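These notes are about the structure you will find just below.
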Amino acid sequence: MKVQCSCGAKYAFDVTPEMAQQPLQLICQNCGTDISSFVNELIRQELAGAAAPVADTPPAATPSASPLHLATAARPAAAPTAAVATEDWPVCLKHPPQRTTNKCHMCGKPICPECMAMFGYVCSPLCRAKAEAGGIAIPAYAGQRAKAEAREWAKISWIAAGVGLVLLGLLGWYGWYAFVGSKPHPVYSVRFQDRARFGESAVGADHQMIFLRNSTLARHDWQQKKEIWSRELSTAKGADAGYFPGSLGSRQLRVVGRNVWVVTPEQLTRYDWDTGAPKQEIPLTNGPAILQADEVQFLTGTAGTLAIGHISLATGETRTEPVALAEKNSAALRVSLAGTPGRGLETLAGLPEVHPGKNPGAPFDPATIAAQVQSMSLPARIALPATLANAWEEERLNAEMDGPRPAPPAGLAAPRVPPEDCSLIPLKDGCLEFSVQLVERNMVTRSALKAAPKKSALNGSVRASDSAAVANDLLNEMQRNRGGGTVTEDLSRYRVTLRRASGNDSAAWTDDVIGPPGVIPLESVNILVAGTNVYVFDESGKKLWQQSLTFPVPLGSYATGFASHSEGAGPCVEHNGVIFIADQGMLTAFERATGQVRWRLPSVGITGLFFDDAGMLYVNTTEASLDELRYSRQIDVTRKIKPVVTKIDPRNGKTLWSVKPGGFIQYVSGPYIYVVAAYGGDFDENGDSTYGVDTGLERAAYLRIKRLSPKNGSELWTAFQQRCPLDIQFNQKSMQLIFAKEVQVLRFLSL
């Protein structure tokens with residue numbers, strides 16, 4: 001028998017029958033503990049076990065156990081003992097007062113559940129070692145602590161492995177999303193052999209794309225990557241006659257539901273969704289049509305029986321409303337669908353050596369010149385003063401040979417209005433007669449250049465670092481000589497009459513205004529702007545209020561009538577009971593009902609407004625200062641006026657964020673905000689300069705689309721191509737682009 005004291009000392013001796021009569025005395029030589037009683041009890045149990053079968057009644061309870069670990073000699077394995085009454089089993093010597101419930105399969109020693117949790121169906125590691133050495137199979141005990149821990153660790157290992165695989169998968173997916181999935185990539189593309197001069201596309205239902213390319217109308221399913229149909233349109237007279245301001249243009253595509261419409265100055269045609277065959281043709285005999293929401297409006301009839309025709313783009317139904325013009329307008333004056341009077345816009349020039357023989361003597365455009373110089377190489381910028389000096393001398397010699405150049409006509413840069421003019425403004429219900437008569441002409445000319453410096457950069461020695469200053473002095477002096485140092489503003493007095501021209505409604509409003517007037521219909525009110533004054537009328541033509549603006553409203557920069565273009569709506573927009581008006585240097589929010597100013601925000605160069613689904617306002621503007629308005633002809637070749645996108649809370653005018661993304665917003669819908677910057681390039685399809693000669697100023701075409709975060713305006717991704725599209729259409733996460741020789745659909749994954 002082998003025993004081990006709690007201090008670690010081990011003892012071995014042979015068990016003989018005489019030991020049952022003569023108790024053994026054993027005192028641990030290491031720690032001095034008397035373990036005689038415990039050893040004698042083990043001897044008695046060993047001798048009793050040798051005399052009786054393993055399955056006999058277990059021995060009586062033993063005294064409290066000493067902290068010893070026992071190992072006995074190997075014996076044959078036995079089957080698990082039969083269940084017996086709990087009170088018949090002795091107390092476990094190792095774990096008192098817990099009673100034993102089973103016996104060791106090797107030595108037959110009674111063991112308790114705690115022993116079994118440690119060693120299973122054996123009482124000690126020694127018995128397990130003997131069983132393994134003798135090839136004896138010991139049944140597995142499910143409650144054994146080591147096995148339970150092994151199962152627990154196995155479970156933990158599986159869970160950890162699963163979590164690791166999930167994390168690894170998420171990490172890989174995020175890497176794919178961040179570098180691939182979240183950025184636009186082509187999902188459909190069609191190449192063409194011929195080069196398109198015109199292109200426009202529309203988003204249809206169920207991943208359908210309708211596009212008009214030159215004179216070809218086609219429908220494609222970009223998800224199934226196939227063409228549904230394609231049709232060559234008639235090249236009737238006027239189909240490619242150019243763009244009509246305030247109208248749908250020379251050839252325009254509109255898709256509403258399953259209705260495909262193409263509008264030319266001569267007719268409106270609906271094509272079948274399934275086959276592309278012409279389904280409905282409506283002639284336009286009195287001029288181009290105007291789009292209002294999902295309706296096309298056009299003028300029909302003669303001077304005495306005029307009517308406004310309404311065509312629903314959703315159903316194709318047509319209705320007409322009679323027009324009751326004032327007596328003098330019905331016979332004597334020109335009648336047209338328009339929103340603002342005609343304007344004479346001055347043609348400005350770029351650098352003199354860029355367009356040889358083109359616009360000689362015309363005033364310079366400062367923005368164009370700055371962009372041209374900044375695209376030059378460093379040697380070209382250093383040589384620019386010499387080039388300009390030669391051009392200036394050539395202009396001087398030509399002027400001496402040709403004689404004095406006539407002064408530019410007064411008011412050339414100002415909008416011009418005929419002495420009498422009448423136009424019809426289509427509304428949601430009926431139309432508005434807008435009559436203008438010049439009462440007193442007053443054209444005011446003011447300086448648009450800063451005074452020449454007392455000491456020119458041309459005086460004294462000129463270094464390479466002074467090339468920009470020298471170029472500025474030369475160009476500004478040439479600007480003065482070309483008559484571009486002044487601008488003319490129209491402060492004439494006009495008599496304006498507004499009246500409803502439908503049915504029997506004859507109520508009219510007539511008053512004099514200062515500055516060229518223009519009318520912009522909004523959702524529930526009509527806006528009349530003239531100079532720095534704004535007048536607001538309700539749908540019946542009643543004047544609601546009048547307010548003053550800080551600067552004139554740049555009507556010529558926006559579409560006439562229902563002002564809307566790719567860079568946003570304006571200059572007057574109605575939203576949630578507020579009217580927003582963008583003049584040349586200020587954005588003002590007025591209460592629609594009273595005209596009370598809610599807030600003003602200084603901003604020069606506003607090009608359009610957008611509203612998101614939450615009602616927040618996005619403004620396309622620039623970083624230009626008021627000096628850009630005061631000195632609009634001043635040339636500075638180092639000037640870089642960058643586009644600015646600003647998000648504003650329309651309730652109080654608070655700026656939420658402002659960024660310079662390198663372009664203007666062209667699409668806002670939910671979390672999708674897209675900024676576009678593009679340039680058509682200075683090379684033709686053969687790679688030759690479009691200027692006729694290689695000037696070194698040519699720039700390559702490009703397209704840059706950025707997605708901004710609505711939260712802070714940060715850039716989420718950028719898509720770039722070294723070519724410029726003819727048309728871009730956005731639809732949530734997809735983009736349709738028409739290039740000269742390709743139609744492409746881009747798409748990205750968004751969380």
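The values are calculated or read from the model by the stated rules, or taken from the named source; none is laboratory data. Quantities reported herein were computed from a predicted structural model and do not represent experimental measurements. Positions of Cβ are backbone-derived with ideal geometry, glycine not excepted, and every protein chain shown enters the neighbour counts. The protein model used for the area step is the full one, side chains on, heavy atoms only, and it has no ligands, DNA or RNA in it. Shrake-Rupley method; radii C 1.70, N 1.55, O 1.52, S 1.80 Å.
If you go through the range 366-381 and keep only what is hydrophobic (A, V, I, L, M, F, W, C), open to solvent by 50 Å² or more (accessible area, probe 1.4 Å) and at pLDDT below 80, you end up with just Leu378.
Go through the residues of the range 592-613 one by one and say whether even a single one is within 26 Å of the chain's Cα centre (by Cα), aromatic (Phe, Trp, Tyr) and surrounded by 20 or more Cβ atoms within 10 Å (Cβ to Cβ). Taking every residue of the range 592-613 in turn, at least one turns out to be within 26 Å of the chain's Cα centre (by Cα), aromatic (Phe, Trp, Tyr) and surrounded by 20 or more Cβ atoms within 10 Å (Cβ to Cβ).
The set of residues in the range 617-634 that are assigned to a loop (DSSP other than H, G, I, E, B) and either charged (D, E, K, R) or open to solvent by less than 30 Å² (accessible area, probe 1.4 Å) (or both) comprises Glu623, Ala624, Arg633.
Before we move on, is Asp636 of a type in the set (Asp, Glu) and modelled with pLDDT under 95? Yes. Only residues that are open to solvent by less than 50 Å² (accessible area, probe 1.4 Å) and closer than 17 Å to Val3 by Cβ were counted in the range 112-125, giving 5. Identify, please: which residue in the range 1-22 is in a strand (DSSP E or B) and surrounded by 11 or more Cβ atoms within 10 Å (Cβ to Cβ) and is, among those, modelled with the highest pLDDT? Once the filter is applied, the top-ranked residue is Tyr11. Exactly one residue among Leu345, Leu384, Leu325, Leu351 is at pLDDT 80 or above and in a loop (DSSP other than H, G, I, E, B), and that residue is Leu351. For Ala740, the stated conditions do not hold, so it cannot be described as more than 18 Å from His185 (Cβ to Cβ), modelled with pLDDT under 95 and surrounded by fewer than 15 Cβ atoms within 10 Å (Cβ to Cβ).
Can you tell me which residue within the range 719-737, out of those that are exposed (fewer than 15 other Cβ atoms within 10 Å of the Cβ) and within 30 Å of Ser377 (Cα to Cα), is modelled with the lowest pLDDT? Result: Gln722.
Among all residues of the range 465-486, there is none that is open to solvent by less than 20 Å² (accessible area, probe 1.4 Å) and part of a strand (DSSP E or B).
Test Pro363 against the criterion of being at pLDDT 75 or above and farther than 30 Å from Val255 by Cβ, and give yes or no. Yes, satisfied.
Just give me the residues in the range 119-167 being closer than 29 Å to Met106 by Cα, polar (S, T, N, Q) and either assigned to a helix (DSSP H, G or I) or in contact with a strand residue (DSSP E or B) (Cβ under 9 Å, 6 or more places away or on another chain) (or both), in sequence order. Correct list: Ser124 only.
When the range 184-205 is filtered for residues that are under 18 Å from the mean Cα position of the chain (by Cα) and modelled with pLDDT under 90, only Val203 remains. With respect to Lys155, determine if the residue is closer than 24 Å to Phe119 by Cβ, among the charged types (D, E, K, R) and open to solvent by 40 Å² or more (accessible area, probe 1.4 Å). Yes. Close contacts from the range 152-181, counting a first residue that is within 30 Å of Ser750 (Cα to Cα) and a second that is of a type outside the set (D, E, K, R) and outside any helix (DSSP H, G or I), with Cβ to Cβ under 6 Å and a gap of 6+ residues or different chains, come to Gly181/Leu749. The set of residues from the range 201-237 being assigned to a strand (DSSP E or B) and open to solvent by 20 Å² or more (accessible area, probe 1.4 Å) comprises Val203, Thr216, Arg219, Lys226, Glu227, Ile228, Ser230, Arg231, Glu232. Condition first: free of Cβ contacts under 8 Å to residues at least 24 places away in the same chain and not hydrophobic (A, V, I, L, M, F, W, C). Now tell me which residues in the range 100-128 satisfy that. Hits for the range 100-128 are Thr101, Asn102, Glu114, Arg128.
Looking at the range 635-656, which of its residues are out of contact with any helix residue (DSSP H, G or I) (no Cβ under 6 Å at 6 or more places or on another chain), polar (S, T, N, Q) and open to solvent by 20 Å² or more (accessible area, probe 1.4 Å)? Asn652, Thr655, listed by residue number.
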